[in-house]
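Working notes, structure below.
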Amino acid sequence: MSDPITLQLGFGSFLFGIFCAYWAQTTGRNPWLWFACGFLFSPITGLVLLWKNRTRQPAR
C-alpha cells in the first residue's frame, strides 16, 4: 500500500490541476495545457496564472 503522504500530495496536485484548468477556461486559455501544468508544477502555475490575469478588463 502507498504512503498516505504520497496519496495526499497526488490528490492535492490533481485538485490544483482542475482548479487551474477551470480558471484557464474562464479566461479563454487552453484548459488541458493548464491542467497539466497545474498538476505537475502546482505552486508555480498558480503564480503564473495570477501574473497573466493581473490586468483587468474595463467595466462596460
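Taken together, the values in this text are just the output of simple stated rules run on the coordinates, not laboratory data. Everything numeric in this text was worked out from a predicted model, so none of it was measured.
Roughly what percent of Cα-Cα pairs across the chain reach past 18 Å?
Every Cα pair in the chain considered, those over 18 Å come to 39 percent.
Roughly what angle does helix 31-40 make with the longest principal axis of the chain, taking Cα atoms, 0 to 90 degrees, to the nearest 10?
So the inclination is approximately 40 degrees.
Running a GNM on the chain with Cα contacts under 10 Å, which residue among Gly12, Gly46, Gly28 ends up with the highest mean-square fluctuation?
Looking only at Gly12, Gly46, Gly28, the largest GNM fluctuation is found for Gly28.
In sequence order, what are the phi-derived ³J(HN,Hα) couplings for the range 10-25 according to the Karplus relation 6.51 cos²θ - 1.76 cosθ + 1.60 with θ = phi - 60°, rounded to whole Hz, with x for glycine and proline?
Once rounded to whole Hz, the list reads x, 5, x, 5, 4, 5, 5, x, 5, 4, 5, 5, 5, 5, 5, 5.
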